[in-house]
1. Taking amide H positions as placed in the peptide plane 1.01 Å from N, state which residues far from Thr33 in sequence (5 or more) or on other chains have amide H under 5 Å from it.
2. Summing +1 for each Lys or Arg and -1 for each Asp or Glu, what net charge is found among the other residues whose Cβ lies under 10 Å from the Cβ of Thr78?
3. Mind ranking Tyr80, Tyr90 by accessible surface for me, highest first, 1.4 Å probe?
4. Before I look further, what does the stretch 49-88 give for accessible area per residue, probe 1.4 Å, in whole square angstrom?
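The values are calculated or read from the model by the stated rules, or taken from the named source; none is laboratory data. If you're wondering where the values come from, they're calculated on a predicted model, not measured in any experiment. A quick note on method: Cβ atoms are made from the backbone with ideal geometry, for glycine too, and the neighbour counts reach across all protein chains shown. Accessible surface areas use protein heavy atoms only, side chains included; no ligands, DNA or RNA. Shrake-Rupley method; radii C 1.70, N 1.55, O 1.52, S 1.80 Å.
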Amino acid sequence: MKARDLLISLVACVSCTAIDANAAGYVVHGFPTCGEWIEARQHSSHLPFYASQAQESWVLGFLSGNAAGAKKNFLDGTDYTSLFQWISNYCRDNPLNTVADASNELAAELIKRKGL
């Protein structure tokens, strides 16, 4: 197979598998489920690679990207502990949702509270 044909096949394959847009109209990859979030926070010592910290980093990156994209600094003045507690509460109440869903709801709540 020629390199050009291989490249075209690879691009076609990635294009077909990378479509994962949520209702908000943007692509979100790699988010944990609410069940995984709760499990990681309850049993962090039993999970590899510090799963809880990795998920927290994912949330911070997601929220930061959301704030930058919306050009609304809704994270200003909000501590990480409060953000993670809010996500945990959401996930306990909505175990079938994802942490992306929780993060979107949290962003909307912070925008509303801060009048942005």
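1. So Thr33 has HN proximity to Val99.
2. Details: positive: Arg113, Lys114; negative: Asp76, Asp79.
Counting the neighbours of Thr78, the net charge comes to 0.
3. Result of the area sort, largest leading: Tyr80, Tyr90.
4. Numbers: 2360 Å² over 40 residues.
That works out to 59 Å² per residue.
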